1. Keeping every protein chain present and rolling a 1.4 Å probe, give me the accessible area per residue for segment 503-591 in Å².
2. Sequence neighbours fewer than 8 away in the same chain don't count; with that in mind, list the aspartates and glutamates whose C-alpha is under 16 Å from residue 357.
3. Find how much the distance from residue 608 to residue 479 grows on full extension, using 0.36 nm per residue of separation minus their present alpha carbon separation; answer in nm with one decimal.
4. Determine, at each q value in 0.18 (inverse angstroms), the log₁₀ of I(q)/I(0) that the Debye formula gives when each Cα of segment 151-193 is one equal point scatterer.
5. Largest first, what is the accessible-area ranking of 429, 33 with a 1.4 Å probe?
6. Students often forget the sequence filter, so: which lysines lie under 19 Å Cα-Cα from residue 24 once same-chain residues fewer than 8 apart are removed?
7. Please compute, over every Cα-Cα pair in segment 464-618, the percentage with a separation greater than 29 angstrom.
8. Mind checking which of 107, 154, 138 is farthest towards the positive end of segment 40-181's charge dipole, using Cβ charges of +1 (Lys, Arg) and -1 (Asp, Glu) about the Cα centre?
Amino acid sequence: MRSLFRQVLPCLVFPLGALGKDIKPNVLFISVDDLNNYISPLAKHPGVITPNFDRLAKQSVTFTNAHCAAPACHPSRVAVMTGVHPVKSGIYRNLFGAHGPRWRHESPVLSDAIVLSKHLSNHGYHSAGAGKIFHTLQWTPDDSQNDPLAWDEYRGDPLDPISADWPRPDFPNNQNHDFKGQRPLSNFLFGATPLPQAEDTYGDHLVVDWAIEKLKTQHAKPQFLAVGLFRPHIPFEVPQKYFDLYPLDKVQLPTDIENDLADARPADRVSWHKWVTDNDQWKPLMQGYLASISYVDHQLGRLLDALESSPMKDNTIIVLWTDHGFHIGEKSNWEKFALWHQTTNTPLFIHAPGISKDGTKTKQPATLTDLYPTLCELSGVPIPEQCTGTSLVPQLKAPSTAKSQPSLTSFVFNKDMKSETASHALSDDRYRYIKYADGFEELYDLKTDPEEFNNLAKHADHQATRERLASHLPKSAAKNCKVPRDSPFTRKAPKKTTYKKYPDIINRSFGITLKVTPDPKQTDGVIISHGGDHHGYSLYMKDGLIHFAVRRNKALETLVVEHYRPKKEFMISAGLNTRGRIIIDILSLADSPPFTGKKLGHISQNPNEGQTLKSDPESPVGMYTSPFSFAGKVELLNLEVDPKK
């Protein structure tokens, strides 16, 4: 029978020889969300204040040409933690609506994959984690693809690891107030606003607090400590002092040229860029992103300080990686979801005591799937057969050591969803080559054209380079995976059950699930209401958009699902969760995360107006005139109320 593990290089079975061959190294494994190459060691943007990234660079090897396996959170993180590239697994995109490791069912290839943390635990390590390691979001409580069984210990709830950590600012107006058009996303998530709360009471600070305590402690086993930091992911909300580092009149924007996309295939977020430029929001958003970078730099400094004063100081591998790059308007794109260098280039730093040539940089290409086999080799444990990457230990020892294989990043764009076919990008130590699913090609010389303005794919004098890189394209890439509805980790609409007509919702969480078919001639109207203008809730459509309104002692909160105007049958769940936040989940949209409101609490009194389908006949809950009747069809599938107050 073939071994499930690759052979371990005998010279590195105990890599930190100076510490004694029987001592395995600890691992501090730091993941940062949505951090790009603006940080000062990579210097893609001027004036970025990140002294602690500079500090880390001086004590590690900086991989300046590292790339994600996929330019989205979920597929990138699954690829890192399993070592399996999307071209083998088929997980190229974010897939929402999970509560547990649904990726095992999204991709049959991953059904029995060994998570990195579990693999190290199986070989004598104690694996502990905190924050965002697998995909989750600040505003999607209980939507997480983490695998609790892959950890010996996890901070808080591994399936809801960060949502309770992050407060939101108070916004007096609707997010589209005084703006042209509709802001992307909802509830000011695409925005930049200082948080007034004390910095040490929320967010990544709390995750680092937990990690610091772990670093202070003496351990019987070697430690694998995974620390997931959420900023600079949107919303760009951090303390005011970080905004003050970047006065708005001093903020610089990326280099931009007219008709940049004339020789390139536009990404999926051109409409976002139009909203930004139409509303003069480029500088405020850049300011918020830079502030968030400096905030996370401070958290990194706290981790490095704790390690330096820790008993683990001299025997700890440090790995810092980010799940992908990030656009702040480069090539008219925002966030990620593209295949240019700006999208896929990820900060990557590795320090291995006695091994790494610290303080140096390497331009050799790396893909984040290389991390799993690298850590196995450094830790002296076998490399599972599932791993598709190659160890970076040769580049740690001698950063100029050539790497024959270019980096590979793969993604399925919205426009290619019907074919389920992936596009691919490759980088060597100078050039960037992209082959889209429709056959369109781009080639950039990053030495002379780091902004990727000049597509050389059709230039006669660059055909040899294009053909050389194209020869490394995957010969057969897996088709795009979809949400498996039968997975036990998929959040499903409950089966139709009986329900009380007027259930007691005083200080309780509750949820309603409905099947709705709008009338194409008149989509607006109340789908379901319970209560009136003092206490209650109402789900309705207005201006073609879904709204959920809640009245608490007359105070009105309304959450709007923007950019989705249903014209045909859809399924939806809405209610108040256990934390008193509005939550809306469009069950018919597999790729859409739930929408959540502010933490304003539950309804303190039972509504004195009954529950009604397709109208709100008495005093209105929401901003409409009663009865605001709905002309389509509505079927109430389930109403659940938490039995405990």
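1. Value for segment 503-591: 34 Å² per residue.
2. Excluding near neighbours in sequence, the set is 54, 314.
3. Working it through step by step, the gained length comes to 41.1 nm.
4. -0.66
5. Result of the area sort, largest leading: 429, 33.
6. Leaving aside lysines fewer than 8 places away in the same chain, those within reach of residue 24 are 118, 214, 216, 221, 313, 397.
7. 28
8. Of the candidates, 107 comes out farthest on the positive side.
The values are calculated or read from the model by the stated rules, or taken from the named source; none is laboratory data. Being a predicted model, the structure only gives us computed values, none of them experimental. For neighbour counting, all protein chains shown are included, and Cβ atoms are generated from backbone atoms with ideal geometry for every residue, glycine included. Note: accessible area is taken over every heavy atom of the protein model, side chains too, but ligands, DNA and RNA are not part of it. Shrake-Rupley method; radii C 1.70, N 1.55, O 1.52, S 1.80 Å.
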